[in-house]
Amino acid sequence: MEEGNAGPVTETPRRMTRRRFLGKAATVSAAAGAASAVLAATSDAPRSLAATPAPTTVGIAPYRPPVYQDITLHVNGQDYNLRVDTRMTLTEAIREEVHLTGTKIPCDQGECGACTVIMDGRTVYSCSILAAAAQGHDILTVESLEQQGQLHPVQAAFIAQDAVQCGFCTSGQIMSVVTLLKSNPNPDEAAIRQAIQGNLCRCGTYTHIIEAAKAAAAQA
Amino acid sequence: MRAFTYAAPTDLSSALARLGAPGTHAVMGGGTDLVNSMKSYIETPADIVDLQGIQELQALDTSGDPVQIGVGVKLVDMLASQPLMQLFPILQDAANVVATPQLRNVGTVGGNLCQRPRCWYFRSVDFNCLRKGGTECYAILGQNQYHAILGGLGCFIVHPSDLAPALIGLGAQAVIGSASGTRSIPLESFFIGPEVDVHRENVLVPGEMLVRIDVPRPAAGQRGVFLKSRGRQTWDFATTAAAVSLVMSAGTCTSARVVLGGVAPVPWRSPDAEAVLQGRSITPAVAAQAAAAAVKLARPMQYNAYKVDQVQVLIQRAILQAAGQGGS
């Protein structure tokens, strides 16, 4: 995704790799055959519909040098003065610049929730926020929860209730449950389900996560 | 992502001036769609204008007529506005089922209305589809279970917004700003289908941005309902959705709006369904007749014919609920 600092004078937005070529060729050949007549008809007609010039997403786009910006991120109560590429996401800044790797990047497109951090008291997907846009906000990561060697009650409950299998979604799930319990110390199951609806667990540990949230609420 | 410059102006006129300057700009609300669209090269702006610091875009004024909703209002704050939710429960129906808490916590009204379509061929870097400047729509002969049954012409995306059908149902106006001033148009005319321009989903041209949504105060007896169907019970875009707003007077429907989501490249208003309801007392039979009228022109493809039935059920339920006949 990131382009090199001292890259060549051209860049290809859609690099054609062998794998991509084979994947695409398979799709096209599957759709070919009887369909070719329809394809010809549909590919001609819409071109006249274009009222604006086609966006240039194909071929070799002119090189654009990276833009660096000095920013200050307020993470877990501390200010970090960073020089970042404007393209850097908040997750990348937290992991690669602040060196807190509890926040994960499984999907990097706002579809899994493992990058969940708390911004100004609300859960957000840090992969879908530019680091530059996170300036001036109060950011808490999973590393902020442990205090003086003591796990946060939600962390302890996740361990006690065995709410972890592969563990990739765990820090995001914990951040969502922590945020819920701040505003609603005694949530019912529906409220817990609502709170973690933006955190996928592909191991399917949801029932244990819900039990952990209930246990943490009971403890607090 | 292609490289870009980033600025976060604190007043609207600076933002509009920056947008009007030469070059390719993108305005950013919460950024949840824009950032991910840039990762897959769907959007390649050279300059990003972040709107989060502009107070006037976050104003939500429910005191006057029309009610004014700034495009920078976050969905979570919209839902937290008791006066707005009491005036327009249909907006609560719609905003509540948008995505997830994490996305509603940053996503804005303007971003929801201007988000790019979810068609998987459009979103994939491996398909240079018609909408991205290529020569064909891969959905026509491909996996088209989530594509349009109405209004597709060359391109068969569906408009992904849940708020749009609800707001059009309320007769909202879109206020568009540029360096040379503002203009106001009906929100339904804000969206354009592939027959007008296959490369964009709304009327905005370079230098322009959405600044505010104006919603007329509800008439006496007005009631709106938004219903959404999706593949899973949370965090999903609509397979189909129906927004119905009725004005009832002495058991008769004096005014009706029926707007569909998930079925067409634009939020799809159905004058045929509205004509069925106008001047009638609402019964299950009338609701069914209106639903049938709404899909009269539907042309499903290989895998999306289920939408024709599904959206009719939603329309009927929404009409009956809006007419105060409860049920589900």
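Only the coordinates and a few stated rules stand behind these numbers; no lab work does. In this text, all values refer to a predicted model and were calculated from it rather than measured experimentally. Reconstructed Cβ throughout: ideal geometry from the backbone, glycine too, with neighbour counts over all protein chains shown.
Of the candidates B:Ser180, B:Ser255, B:Ser40, which one comes out as most mobile in a Gaussian network treatment of chain B with C-alpha springs shorter than 10 Å?
For chain B, modelled as a Gaussian network with Cα springs under 10 Å, the answer is B:Ser180.
Which residue, B:Val205, B:Val263, B:Val97, has the most motion in a Gaussian network model of chain B that connects Cα atoms within less than 10 Å?
B:Val205
Students often forget the sequence filter, so: which aspartates and glutamates lie under 19 Å Cα-Cα from B:Lys132 once same-chain residues fewer than 8 apart are removed?
A:Glu11, A:Asp44, B:Asp33, B:Glu43, B:Glu195, B:Asp197, B:Glu201
Report relative contact order for region A:153-219 in percent, whole number only (criteria: Cα-Cα under 8 Å, sequence separation at least 6).
Once divided by the residue count of region A:153-219, the mean separation gives 53 percent.
Among the lysines, select those whose C-alpha is under 24 Å from the C-alpha of A:Lys104, and discard any that sit fewer than 8 residues away in the same chain.
A:Lys182, B:Lys39
Given R₀ = 30 Å, FRET efficiency for B:Ala305-B:Ser281 by Cβ-Cβ distance, to 0.05?
E between B:Ala305 and B:Ser281, to the nearest 0.05, is 0.40.
How big is the C-alpha Rg of region B:222-322 next to the rule-of-thumb value 2.2 N^0.38 Å, as a ratio?
Region B:222-322 yields a ratio of 1.03.
When Rg is the radius of gyration of the Cα atoms in region A:68-144 and Rh is its Kirkwood radius, what does Rg/Rh come to?
Checking Rg against Rh, the ratio lands at 0.91.
Along the charge dipole of region B:178-258, which of B:Val215, B:Met248, B:Phe191 sits closest to the positive end, that is, farthest toward it, with unit charges on the beta carbon of Lys, Arg, Asp and Glu (+1, +1, -1, -1)?
Towards the positive end, the residue furthest out is B:Met248.
Which shape class applies to chain B: rounded if a/c is under 1.5, otherwise prolate when a/b exceeds b/c and oblate if not, where a ≥ b ≥ c are the square roots of the Cα gyration tensor eigenvalues?
Note, shape of chain B comes out oblate.
Place +1 on the Cβ of every Lys and Arg and -1 on the Cβ of every Asp and Glu in chain B, take the dipole about the Cα centre, and give the residue among B:Gly261, B:Gly110, B:Ile319 whose Cα lies farthest towards its positive end.
The residue sitting most towards the positive pole is B:Ile319.
So how far apart, in nm, are the two label points at B:Gln233 and A:His99 if each is 7 Å from Cα heading toward Cβ?
About 4.5 nm separates the two model spin labels.
Mean-square fluctuation check for chain B, GNM, Cα pairs under 10 Å: which of B:Ala59, B:Ala148, B:Ala172 is largest?
Comparing B:Ala59, B:Ala148, B:Ala172 in the GNM, the peak value goes to B:Ala59.
About the Cα centre of region B:222-322, how large is the charge dipole given +1 on each Lys and Arg Cβ and -1 on each Asp and Glu Cβ? Please answer in debye to the nearest 20.
Dipole about the Cα centre, nearest 20: 120 debye.
If the chain between A:Tyr68 and A:Ala156 were fully stretched, how many nm would it gain, using 0.36 nm times the residue separation less the Cα-Cα distance?
27.6 nm
Taking only the alpha carbons of region A:105-214, what extent do you get along each of the three principal axes, in Å, biggest first?
Projected onto the principal axes, the Cα atoms of region A:105-214 cover 38, 31, 27 Å.
Looking at the square roots a ≥ b ≥ c of the eigenvalues of the Cα gyration tensor of region B:131-284, which shape do they give, rounded for a/c under 1.5, prolate if a/b is larger than b/c, or oblate?
oblate
I want to check the label-to-label distance for B:Ser184 and B:Ser13. Put each point 7 Å from Cα in the C-beta direction and report it in nm to one decimal.
My value for the distance between the label points is 2.1 nm.
Kirkwood Rh over Cα pairs of the protein assembly as shown into Stokes-Einstein at 25 °C, 0.890 mPa s: D in µm²/s?
99
With only Lys, Arg, Asp and Glu charged, each at its Cβ (+1 for the first two, -1 for the last two), find how big the charge dipole of the protein assembly as shown is about the Cα centre; round to the nearest 20 debye.
The calculation lands at about 1440 debye.
Relative contact order of chain B, please, whole-number percent, based on alpha carbon pairs below 8 angstrom and at least 6 residues apart.
Over chain B, the number comes to 17 percent.
How big is the equivalent ellipsoid of region A:153-219 along its three axes, where each semi-axis is √(5λ) from the Cα gyration tensor, reported in whole Å from largest to smallest?
Whole-Å semi-axes of the equivalent ellipsoid: 17, 13, 10.
Pop the C-beta distance of B:Gln86 and B:Asp126 into the FRET formula with R0 = 41 Å and round what comes out to the nearest 0.05.
Taking R0 as 41 Å, the efficiency between B:Gln86 and B:Asp126 is 0.30.
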